[in-house]
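S.K.: Here's a structure for you.
The values are calculated or read from the model by the stated rules, or taken from the named source; none is laboratory data. All values derive from a computational prediction rather than experimental measurement. Here the Cβ positions follow ideal geometry from the backbone for every residue, glycine too, while neighbour counts run over all protein chains shown.
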Amino acid sequence: MTPTPKTRTITVLAITTIIAFPYVLLFSGCASSGKLCSGEVRTFFVGDVPIEMVFVEGGTFMMGCPNSEGRNCDGSNYVVHQVTLSNFYIGKYPVTQEQWIEVMGTEFIDRWVGADKRGDNIPMHGVNWKDAQRFISRLNSKTGKKFRLLTEAEWEYAARGGLNSNGYRYSGSNNIDDVAWYKENSDRGTGLRRNIQPVGEKQANELGVYDMSGNVTEWVADWYIKEYTSSPKRNPKRSRFAREPNKPLFSFKLFPNGLLGPHPVYGRVLRGGCWFNVSNSCLVFKRAAESPKSREFFIGFRLAMNAPSRTHRECEIVGEPKDTALAVEGILSE
């Protein structure tokens, strides 16, 4: 079904023009400065449901656990190393159930998501890595765009605030209660059951991105390899499985049904911690992993997209207006 076009007013050098965009709005943020800068938001629509993507200007940062974190570091797992990234977009929030339903329907939620964990603005969860890829594939078919998962390096860079970073331990603050739902506050002070929470209710980080610490832990694109310093230092991504020497393929795990069975040692990377984790699990450099087939109630995901390499422009319209031609010179503002 063709989505209802979204109508927006655009002011160009004091001239007002009405344009219908089928899937995407203009940039908002510092567009009037003539610079495409970190924190600007680009909004897409699938049906009537918005997907907000935040521009992240690439740069070089030190990835890993600094020595000042002491016991929070775990040997080679968190060795600090220099990484350089290109520009990209990141989802302002984790993918929500409203977005999931618009793309995938309700069958999965009806089967896998508990009644007390449902809601339009609740993060989609209980999905495995392959489920996330199916969602992205269908979303791309519906919108004609190229959404994807973040790489692990992109995730950490954005969680730290990118070029706007203030060096916080959690994504947006040194005080976890400001920015995250975790073990100590996800009961909302009731003393009752802890639970997943709606997106965007805590403070954003330096880029204007929400919920990167806590709430749901997030799938990223990479395979987990402990010695991650061996990865390329420019736009690193571990897209291929690589077995570590003398490490078995499987261990044994006690599953929720009480049965002991084989569990893959190698998995896809998870980042951010979740609503029932302790605070240390929500630190910006903390890493975890699960089998790409694992559907856990605390796991969600966040979208990413490639971005233009340039960061300066004189005039730019995002997307092509349907059945409308507009050529202007100047600065755009929504």
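S.K.: What single numbered condition from (1) part of a strand (DSSP E or B); (2) modelled with pLDDT of 90 or more fails to hold for THR17?
M.R.: (2)
S.K.: Which of the residues that make up segment 149-183 are in contact (Cβ under 8 Å) with a residue 40 or more places away in the chain and surrounded by fewer than 15 Cβ atoms within 10 Å (Cβ to Cβ)?
M.R.: Pass one, segment 149-183, residues in contact (Cβ under 8 Å) with a residue 40 or more places away in the chain: 149-166, 168-172, 176, 180-183.
Selection gives ASN166 alone.
S.K.: Still on this structure: Within segment 177-200, is even one residue in contact with a Ser or Thr (Cβ under 8 Å, 6 or more places away or on another chain), in a loop (DSSP other than H, G, I, E, B), over 21 Å from PRO66 (Cβ atoms) and among the basic types (Lys, Arg)?
M.R.: yes
S.K.: Output the residues belonging to segment 49-97 that are in a loop (DSSP other than H, G, I, E, B) and within 20 Å of ASN306 (Cβ to Cβ).
M.R.: So the first thing to find is which residues in segment 49-97 are in a loop (DSSP other than H, G, I, E, B), and the list is 57-58, 64-66, 73-74, 79-80, 86-87, 92-95.
Selection gives GLU57, GLY58, SER86, ASN87, LYS92, TYR93, PRO94, VAL95.
S.K.: Consider only pairs whose beta carbons are under 7 Å apart and that are at least six residues apart or on different chains; among these, list those whose first residue lies in segment 52-72 and is crowded, with 16+ Cβ neighbours inside 10 Å and whose second residue is assigned to a strand (DSSP E or B) and hydroxyl-bearing (Ser, Thr, Tyr).
M.R.: GLU52/THR43; MET53/TYR89; VAL54/TYR89; PHE55/TYR89; VAL56/TYR89
S.K.: Can you find, within segment 280-317, the residue that is modelled with the lowest pLDDT among those that are closer than 30 Å to CYS37 by Cβ and basic (Lys, Arg)?
M.R.: First, the residues of segment 280-317 that are closer than 30 Å to CYS37 by Cβ: 282-287, 300-317.
With basic (Lys, Arg) added as a condition, the list becomes 286-287, 302, 310, 313.
Details: LYS286: 94, ARG287: 91, ARG302: 98, ARG310: 68, ARG313: 41.
Ranking the qualifying residues of segment 280-317, first place goes to ARG313.
S.K.: Answer with yes or no whether VAL209 is assigned to a loop (DSSP other than H, G, I, E, B) and surrounded by 18 or more Cβ atoms within 10 Å (Cβ to Cβ). Please lay out each step first, then the result.
M.R.: On the way: assigned to a loop (DSSP other than H, G, I, E, B): yes; surrounded by 18 or more Cβ atoms within 10 Å (Cβ to Cβ): yes.
Here the answer is yes, as VAL209 does meet what is asked.
S.K.: Next question. Does PRO236 count as buried (at least 18 other Cβ atoms within 10 Å of the Cβ), out of contact with any Pro (no Cβ under 9 Å at 6 or more places or on another chain), at pLDDT below 95 and more than 26 Å from VAL113 (Cα to Cα)? Before you say what the answer is, go through the steps one by one.
M.R.: Details: buried (at least 18 other Cβ atoms within 10 Å of the Cβ): yes; out of contact with any Pro (no Cβ under 9 Å at 6 or more places or on another chain): yes; at pLDDT below 95: yes; more than 26 Å from VAL113 (Cα to Cα): yes.
Yes, satisfied.
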